[in-house]
Amino acid sequence: MESLHVPKVLSFLSFSNLTHTHLSFPPTTYLSSPSFWKERCKDSSLKIVRSGIGVHVDSNYGSVSTDAVKDEKGLILDTERDDSGSVIGFNLILESVSGGSKINEPCQDVSTDRMEEIENINGKEKEKARSKHNIVFVTAEAAPYSKTGGLGDVCGSLPIALASRGHRVMVVSPRYLHGSPGDNIFANVSDLQCRIKVPCFGDAQEVCFYHEYRKGVDWVFVDHPSYHRPGNPYGNGHGAFGDNQFRFTLLSHAACEAPLVLPLGGYTYGEKCLFLANDWHAGLVPILLAAKYRLHGVYKEARSVLLIHNLAHQGVEPAASYENFGLPSEWYGALEWVFPTWARTHALDTGLAVNVLKGAIVTADRILTVSQGYAWEITTVEGGYGLHELLSSRKPVLNGITNGIDIFDWDPSLDKHIASPYTADDLSGKMQCKIALQKELGLPIRPDCPLIGFIGRLDYQKGIDLIRWAIPELMQNDVQFVMLGSGDLLYEDWMRSAESTYRDKFRGWVGFNVPISHRITAGCDILLMPSRFEPCGLNQLYAMRYGTVPIVHGTGGLRDTVQTFNPYVQGGTGEGTGWLFSPLSKESMIAALRTAIMTYRDHKSSWEGIMKRGMTRDSTWEAAAKKYEQVFDWVFVDPPYIR
Ligand SMILES: Nc1ncnc2c1ncn2[C@@H]1O[C@H](COP(=O)(O)OP(=O)(O)O[C@H]2O[C@H](CO)[C@@H](O)[C@H](O)[C@H]2O)[C@@H](O)[C@H]1O
């Protein structure tokens, strides 16, 4: 997907300087808070127009703060002046209303109008969070603006769910332009006319911000020429972009500035916010909070949560590139990463590298993954990708919350991409979808023939090699098989050749196509997911919602979300929503498929029961959002992990 893929077994890395207890940096020699503002302003085209009790900062669009400044106890002091401007008193303002600052007005919370707008999303009263936070998602992808996989889906829908529960939510992501009609997705974003300079890669890099307020969420896009090129967010047909470290360093720096400098809806988010850093691309965010901002008295009340969607990608770069991050040199140890001898390329290779995700793990206030099963797996040698010891050391603050899905985007009764709508009460439309899919793909139209689907990145993670290995045997059965995916060129070529080998049974659609993914999800009877590891997995959730029965390897989030069919319980009606197989072998996968096909053919009512249980299962973000809120409450109870 992106950056360096870290070899699976890195169990004997140097862990010196890695854990919290090992983090020891020289005492800070940084300037106090007002001076820091001066420093920031030098870097970021903001300028101090007056200093004294308070700090006034001017940017391209106006003055950000007022006389208000935090004292040691976390209260806000607002000065009261007479007509001549002399200070005649101070007012204490409670923390709870210190959410952000309106340009040229005293600090106060987000406006009531705006809150009501957030509350009325989807036109119905929603259950509200007990305590509301200013939340800043930082992510390389957010659907519908950008998506290569599940990260985009989650960052496109979880923020909306949280906003609808009363939180103030901003998503910061790059403004990718590819020079294609797809760029139209940014048609409604507006230039905030805010340019800042961020210190990294040996210079002050200028970025600017675009914005769209949609579904209660502030979608903020960082703009820089390095985000404008053909391909996907991480690379093109020639592989990953060589400057991804630069592109995502920019993103993280810009995201840290956004709550301070962007007057969204008239108010900045302010310093008391919660950063949700997604995967390694945003991994610098918790590091910057600890290494730069907090040391200068900024973001002392902010917290960071690292949300791991996939531990296999860590943002590993040569050690010499450390200076590019714009971090103090004494923080090198937080990102230091040493490859084992066998993974080095030549005799003089010392194996020294820097690892952004590792840095985030040792600085974030809490860590989350996208299922409970995966939260445990990443603390094991097999699932930890070299980081298991470090993650184990942070177990007290490590949790897993299973992803939800966007139930409006993925709703078979409303889906505009599919041939015919259907519901759990009336499944007739599903057969129409199957016939339409067979027709579209040029397969023989055979309503009774089990149609098996696969959707996903053609990647080692997804067990695509197992499918390739199993296809000759599977194709001896009376089944049809449809695959949609892109990625590894070897497997793209194999899909094309399998199509000509099994003309009446196999179709391989090479590419990334959202409407087709909906049609496959609706038209197939079975969805196969032999993932080697799967932090959560979304396709099995979509499949169940569409009455398509998942057959999955029992790992991570797949094991947490799919329940194997058991016909002997519930008075003979059975329970379960699909089949889990284990171990990950061709034999066990084919055995599970055979069981499913036999059930499909010979036990129609059992099959319908499996479909309906899947369709009515709760996969909403609403349930997941409540669990996120619990973690948000915990993170604010604890002091910052690195102070
Ligand atoms: N060729 C194609 N055309 C159209 N759509 C395609 C496609 N290939 C994939 N998709 C779509 O991309 C998404 C993939 O989501 P997944 O959760 O299955 O995997 P991914 O590994 O990207 O995400 C990582 O992050 C997510 C989110 O946390 C975790 O669920 C997951 O386990 C983890 O690996 C789905 O919406 C799927 O339909």
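The values are calculated or read from the model by the stated rules, or taken from the named source; none is laboratory data. The shown structure was predicted, so the numbers you read here are calculated from the model rather than taken from an experiment. With ideal geometry, Cβ positions are generated from the backbone for all residues, glycine too; neighbour counts draw on all protein chains shown. Heads up: the accessible areas ignore ligands, DNA and RNA and are worked out on the full protein's heavy atoms, side chains in. Shrake-Rupley method; radii C 1.70, N 1.55, O 1.52, S 1.80 Å.
Each row is one residue, and each column tells you yes or no for (1) part of a loop (DSSP other than H, G, I, E, B); (2) touching a helix residue (DSSP H, G or I) at 6+ places or on another chain (Cβ under 7 Å).
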site: Thr402; (1), (2): yes, yes
site: Asp411; (1), (2): yes, no
site: Lys430; (1), (2): no, yes
site: Cys433; (1), (2): no, yes
site: Val482; (1), (2): no, yes
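Name every residue in the range 495-521 that is more than 13 Å from the ligand (Cβ to nearest atom) and part of a strand (DSSP E or B), in order of residue number.
Phe506, Arg507
Flag: Val569 does not match the condition of being away from the ligand (no atom under 12 Å from the Cβ) and crowded, with 24+ Cβ neighbours inside 10 Å.
For the range 533-554, give me each residue that is among the polar types (S, T, N, Q), open to solvent by less than 20 Å² (accessible area, probe 1.4 Å) and near the ligand (Cβ under 10 Å from one of its atoms). Answer for the range 533-554, where residues must be among the polar types (S, T, N, Q), open to solvent by less than 20 Å² (accessible area, probe 1.4 Å) and near the ligand (Cβ under 10 Å from one of its atoms): just Gln540. The single condition among (1) open to solvent by less than 10 Å² (accessible area, probe 1.4 Å); (2) touching a Phe, Trp or Tyr at 6+ places or on another chain (Cβ under 7 Å) that Ala277 does not satisfy is (2). The set of residues in the range 211-234 that are under 18 Å from the mean Cα position of the chain (by Cα) and open to solvent by less than 30 Å² (accessible area, probe 1.4 Å) comprises Val217, Asp218, Trp219, Val220, Phe221, Val222, Pro233, Tyr234. I'd like to check something: does the range 345-355 contain any residue that is touching a residue at least 40 places away in the same chain (Cβ under 8 Å), open to solvent by less than 10 Å² (accessible area, probe 1.4 Å) and more than 25 Å from Asn403 (Cα to Cα)? Yes, that holds for at least one residue. Evaluate the range 399-411: report whether one residue or more is away from the ligand (no atom under 16 Å from the Cβ), modelled with pLDDT of 95 or more and not charged (D, E, K, R). No, the range 399-411 contains no residue that is away from the ligand (no atom under 16 Å from the Cβ), modelled with pLDDT of 95 or more and not charged (D, E, K, R).
Can you say whether Ser420 is away from the ligand (no atom under 16 Å from the Cβ), touching a Phe, Trp or Tyr at 6+ places or on another chain (Cβ under 7 Å) and outside any helix (DSSP H, G or I), as far as the supplied structure shows? Considered against the rule, which asks whether it is away from the ligand (no atom under 16 Å from the Cβ), touching a Phe, Trp or Tyr at 6+ places or on another chain (Cβ under 7 Å) and outside any helix (DSSP H, G or I), Ser420 comes out as no.
Residues of the range 442-459 that are within 11 Å of the ligand (Cβ to nearest atom) and out of contact with any helix residue (DSSP H, G or I) (no Cβ under 7 Å at 6 or more places or on another chain): Arg457, Asp459.
Test Thr595 against the criterion of being open to solvent by less than 50 Å² (accessible area, probe 1.4 Å) and more than 30 Å from Leu288 (Cα to Cα), and give yes or no. Criteria not met by Thr595. If you check Leu177, Leu158 for being within 10 Å of the ligand (Cβ to nearest atom) and touching a residue at least 12 places away in the same chain (Cβ under 8 Å), only one passes: Leu158. No other residue among Lys395, Lys416 is of a type in the set (D, E, K, R) and touching a Ser or Thr at 6+ places or on another chain (Cβ under 7 Å) apart from Lys395.
Looking at the range 174-195, can you tell me whether even one residue there is within 13 Å of the chain's Cα centre (by Cα), farther than 19 Å from Glu629 by Cα, of a type outside the set (D, E, K, R) and surrounded by fewer than 24 Cβ atoms within 10 Å (Cβ to Cβ)? Scanning the range 174-195, I find no residue that is within 13 Å of the chain's Cα centre (by Cα), farther than 19 Å from Glu629 by Cα, of a type outside the set (D, E, K, R) and surrounded by fewer than 24 Cβ atoms within 10 Å (Cβ to Cβ), so the answer is no.
Of the residues making up the range 233-249, those that are under 26 Å from Pro286 (Cβ atoms) and out of contact with any Pro (no Cβ under 8 Å at 6 or more places or on another chain) are Tyr234, Gly235, Ala240, Phe241, Gly242, Asp243, Asn244, Gln245, Phe246, Phe248, Thr249. Considering Leu484, Leu474, the condition of being within 11 Å of the ligand (Cβ to nearest atom), among the aliphatic types (A, V, I, L, M) and either within 25 Å of the chain's Cα centre (by Cα) or open to solvent by less than 10 Å² (accessible area, probe 1.4 Å) (or both) is satisfied by Leu484 alone.
Residues in the range 555-566 that are within 12 Å of the ligand (Cβ to nearest atom), buried (at least 24 other Cβ atoms within 10 Å of the Cβ) and on the phi < 0 side of the Ramachandran plot: Thr555, Gly557, Leu558, Thr561.
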